[in-house]
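Report on one structure; see the data block that follows.
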Amino acid sequence: MAIIDWSLSIDRAIPKPFRTLLRGVGQIFFCCNAVTGLIFLVALYIGGVTAGLAATAGVLSSTIAAHLLGFPEKDIDAGLYGFNGTLVGPCLFLFLENSPQLWLYVVLASILSTIVLAALMRILQPYDIPASTAPFVLTSWLFMAAVFAFDSFSRGSLLPIAGIPVEAANISMIPAEIGYMAATKGISEVMFADSVIVGILFLIGIAIHSLWGAAMALSGTIVGIVIPVLLGVDKNLIEMGLYAFNPVLAMMAVGWAFLKPSGRSMGLAFLAGIFTVICQAGLTGFLTPLGLPALTFPFVLVMWVFLLAADKSKYQNYGGRNCEAIMDSKTLNENNKLET
């Protein structure tokens with residue numbers, strides 16, 4: 001498709017160091033495309049300068065660490081060692097109180113996310129499933145829990161208070177006029193941005209790389225609104241997109257990034273989105289007594305289960321086709337045919 005052609009031409013023209021970093025940002029939504037990554041990063045800065053700087057510090061730290069540790073150059077160039085660090089930065093600044101030492105904390109956590117990713121890639125390689133954002137989740141949990149031992153840090157007000165929840169969620173419907181806000185915020189919350197504008201820019205960035213990927217992202221937000229409403233989740237959480245960002249990632253992973261787009265994979269994607277909502281509710285109840293947020297772990301668990309099941313059912317697992325599409329023109333042409 002023409003949109004993809006021009007964006008990939010610009011991607012290849014960008015100097016390698018910047019291309020690698022921007023691809024790392026783009027990989028958060030499975031887009032190995034520097035143009036898309038640039039749009040994501042600009043959107044983050046629009047949403048908040050601190051979040052943008054934290055994401056920049058994260059992708060720099062994690063990517064440089066991968067170079068220094070001698071990890072495969074092809075994976076680094078594809079941005080695979082950048083996206084977990086990109087998420088770590090804004091996450092820690094959202095859930096912990098801002099302090100000068102927090103910048104060092106972000107750098108260290110981003111470096112650890114790279115090491116955890118390398119370890120998980122080896123563990124998961126025999127099963128042919130990606131680590132995805134699991135390193136970000138595990139690293140963020142560790143660093144959030146560690147603040148209890150350090151006097152220079154304190155937990156922010158958004159972290160759940162440790163203890164067993166005593167009140168059930170309010171059951172109420174979301175007015176139609178604010179549905180679009182919940183949908184766009186469901187996409188923006190993937191990078192911890194509570195903004196309609198950021199969500200729209202993220203969707204545009206995904207669409208530049210793949211219209212099918214954007215369709216799956218938009219479908220994920222719809223699932224993340226409708227299913228929680230039917231199940232009686234607190235409407236404030238739904239309006240903020242907090243039950244949509246995990247289905248967004250799950251549907252993109254299953255319906256586009258790792259399985260060949262087809263009617264069956266689309267059906268699996270919708271099931272993955274639905275079960276991700278339930279998984280998030282369950283994990284939230286499990287983690288609240290520990291004072292930790294679920295982050296993107298519901299998406300990771302559901303994606304692993306569905307990709308393992310799809311592999312047994314002889315679905316075609318592309319594994320990393322969005323990166324290969326940039327490096328191999330033949331694969332690019334095949335992907336274009338799939339999306340037209």
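The values are calculated or read from the model by the stated rules, or taken from the named source; none is laboratory data. This one's a predicted model, so the numbers in the text were calculated from it and none came from an experiment. Cβ coordinates were reconstructed from backbone atoms using ideal geometry, including for glycine residues, and neighbour counts include every protein chain displayed. SASA here: full protein model, heavy atoms, side chains in, ligands and nucleic acids out. Shrake-Rupley method; radii C 1.70, N 1.55, O 1.52, S 1.80 Å.
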Subject >> Shape of segment 31-145, Cα gyration tensor, a/c cut at 1.5 >> reply: oblate
Original post:
Asp128: accessible area at probe 1.4 Å, nearest 10 Å²?
Top reply: 80 Å²
Original post:
Taking a 1.4 Å probe, which of Ser262, Ser188 shows the most accessible area, and what order do the others take after it?
Top reply: Ser262, Ser188
Original post:
When the gyration tensor of segment 1-82 is built from Cα positions, what are the square roots of 5 times its three eigenvalues, in whole Å, from largest to smallest?
Top reply: 19, 18, 9
**OP:** Using only the Cα atoms of segment 231-316, each taken as one equal point scatterer with no solvent, compute I(q) by the Debye sum, divide by I(0), and report log10 of the ratio at q = 0.16, 0.21, 0.23 Å⁻¹.
**Re:** -0.61, -0.92, -1.03
Original post:
Which length gain, in nm to one decimal place, applies between Arg264 and Ala119 when the Cα-Cα distance is subtracted from 0.36 nm times their residue separation?
Top reply: 49.0 nm
Original post:
Lys235: accessible area at probe 1.4 Å, nearest 10 Å²?
Top reply: 70 Å²
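Taking the inverse of the average 1/r across all pairs of different Cα atoms in segment 90-154, what Kirkwood radius in Å do you get?
12.7 Å
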**OP:** Amide H neighbours of Lys260 under 5 Å, at least 5 residues apart or on other chains, H built in the peptide plane: list them.
**Re:** Gln316, Tyr318
Subject >> Net lengthening on full extension, Leu108/Leu68 (0.36 nm per residue, minus Cα-Cα) >> reply: 13.0 nm
**OP:** Could you pull out which residues in segment 192-211 have an amide N less than 16 Å from a spot 7 Å beyond the Cα of Tyr180, following the Cα-Cβ vector?
**Re:** 195-204
**OP:** Using a 1.4 Å probe over the heavy atoms of the protein chains, calculate the carbon and sulfur portion of the accessible area of segment 205-296 as a whole percent.
**Re:** 76 percent
Subject >> With DNA, RNA and ligands ignored, accessible area of Leu80 (1.4 Å probe; Å², nearest 10) >> reply: 50 Å²
Subject >> For segment 35-101: span of alpha carbons on each principal axis (Å, largest first) >> reply: 35, 29, 14
